[in-house]
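Quick notes on the structure that follows.
We did not get these values from a lab; they are worked out from the coordinates using the rules stated. This is a predicted model, so every value here is computed, not measured. So basically every Cβ, Gly included, is an ideal-geometry build from the backbone, and we count neighbours across all protein chains shown.
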Amino acid sequence: MSSTRPTPTARGAVHRRPRALAKGAAAALVAAGTLAAASPAALAVPTAGSTSGSTGSTGSTIGQPVYVSNINADSVSVLRSGAVVATIPVGSGPGAVAVSPDGSAAYVADFNGAAVSVIDTGGARVRATVSVGTDPAALAVSPDGSTVYVANGIGGTVSVIAAATDSVVATIPVGGSLAGLAVSPDGGSVYVSGTGGGTGSGIGAAVGTVSVISTGSDTVTATIAVGGSPNGVAVSPDGGTVYATGFSSSSVSVIDTGSDTVVDTIGVGSHPGAVALTPDGETAYVTNFGSGSVSVIDTDHDAVTATVRVGSSPEGVAVSADGSAAYVAGSHSNTVSVIDTSTNTVTATVHGFAGPTGVAVAP
């Protein structure tokens, strides 16, 4: 492990289900570095793209790029103000996407290429290609932007990339097949979903786990049994709760990070995939691949409060930094649906993608 990696804050004891942060606390998160306020430079390379549906707000898209991977075109589309404004060639089979806290870089898991494409967002180009494990299925950036964690679907490892050098500085053995990954707001823990064994896809088995990695030691410190075929993972802004989707169980497991135990299970639509939280932590959006919908969860009560119809076979979902919009990749309809989070209705449908899979919003 590189000695230049900063030492993260140690995991503290967090008691069961602290109430989500008030909406006004988002500004405090920005000041603390949990949510970055900076915007990347304007992008060029305009390409075709069209928008249909309501003429209502498409969220805070002006000056805030949305990055969408096209698994069938080996590219990433850049969405602004409801239109595709750039297309960036990347590696083979791009899936998961994550953006650095300062917005200067976007990281793309090239599933078929066993690599991560690093995009310089200011120049709209790939600046580096980093070799990782087989079938990288998910990735996330540490809150300080220094480290990128990549869950490798085959082989059961997590690759650790130093952002300063765009190079792998450690490989963490987890075991089984991995599918989802998220980093805690303090940077002290990484949560990885997958199966307990085997060599197939992490969403193909009936049972699974969420492994807890300490970033201080790069070792697994706990393994938590969750719903069938765990897939997407998200951590609440206060770090007290982890949400893990169960692809085969059509549920979301709610994990208390203080005790590393499942404290609730929420039924959602068919074959849930990705999960994303609003910046205040009060709402979770879950894509239902088999239902063509998004389940909206009230995290204070662990209950579904709305179901939103979106494009067919939705996969990735991301929420804007101000919490006003959720973006959903419809992988079979080749669309991105824009959900107004104040009404939980689709206000725009953007066309022009090729198997959109991963979605990430710049801060």
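What to note about this one:
- Available extension along the chain between Thr134 and Arg309 is 59.6 nm, counting 0.36 nm per residue and deducting the alpha carbon span.
- Simple label model, 7 Å out from Cα along Cβ direction - Asp120 to Asp298, nm: 4.9
- Backbone HN-Hα couplings from phi across the range 238-251 [Karplus 6.51/-1.76/1.60, Hz, Gly and Pro as x]: 8, x, x, 9, 10, 10, 10, 7, x, 4, 8, 9, 6, 8
- Taking 0.36 nm per residue of separation and subtracting the current Cα-Cα distance, fully stretching the chain between Thr165 and Thr221 would add 17.4 nm.
- Amide H contacts of Ala128: Val118, each under 5 Å away and 5 or more positions distant or on a separate chain (H built 1.01 Å from N in the peptide plane; Pro and chain starts excluded).
- Here the simple spin-label model places points 7 Å from the Cα toward Cβ, and for Val263 and Thr345 these points are separated by 3.5 nm.
- For Thr335, the amide hydrogen comes within under 5 Å of the amide hydrogens of Gly330, counting only partners 5 or more places away or on other chains and with H modelled in the peptide plane.
- Dipole size of the range 214-363 about its Cα centre, with +1 on Lys/Arg Cβ and -1 on Asp/Glu Cβ: approximately 600 debye, rounded to the nearest 20.
- Converting phi to 3J(HN,Hα) with the Karplus coefficients 6.51, -1.76 and 1.60 and the offset θ = phi - 60°, the range 140-147 yields 7, 9, 5, x, 8, x, 7, 9 Hz in sequence order, with x at every glycine or proline.
- Contact order normalised by residue count of the range 200-279, Cα under 8 Å, 6+ apart, percent: 24
- Computed 3J(HN,Hα) for the range 81-87, one whole-Hz value per residue from the Karplus formula 6.51 cos²θ - 1.76 cosθ + 1.60 where θ = phi - 60°, is 6, x, 9, 7, 10, 7, 10, glycine and proline marked x.
- Among Leu277, Leu139, the ranking by other beta carbons within 10 Å of each residue's beta carbon, starting with the fewest, stands as Leu277, Leu139.
- Under 5 Å between amide hydrogens, built in the peptide plane, is the criterion, and for Ser189 it picks out Ser184, Thr215 among residues at least 5 positions away or on other chains.
- Sorted by Cβ neighbour density within 10 Å, fewest at the top, the residues Thr157, Thr219: Thr219, Thr157
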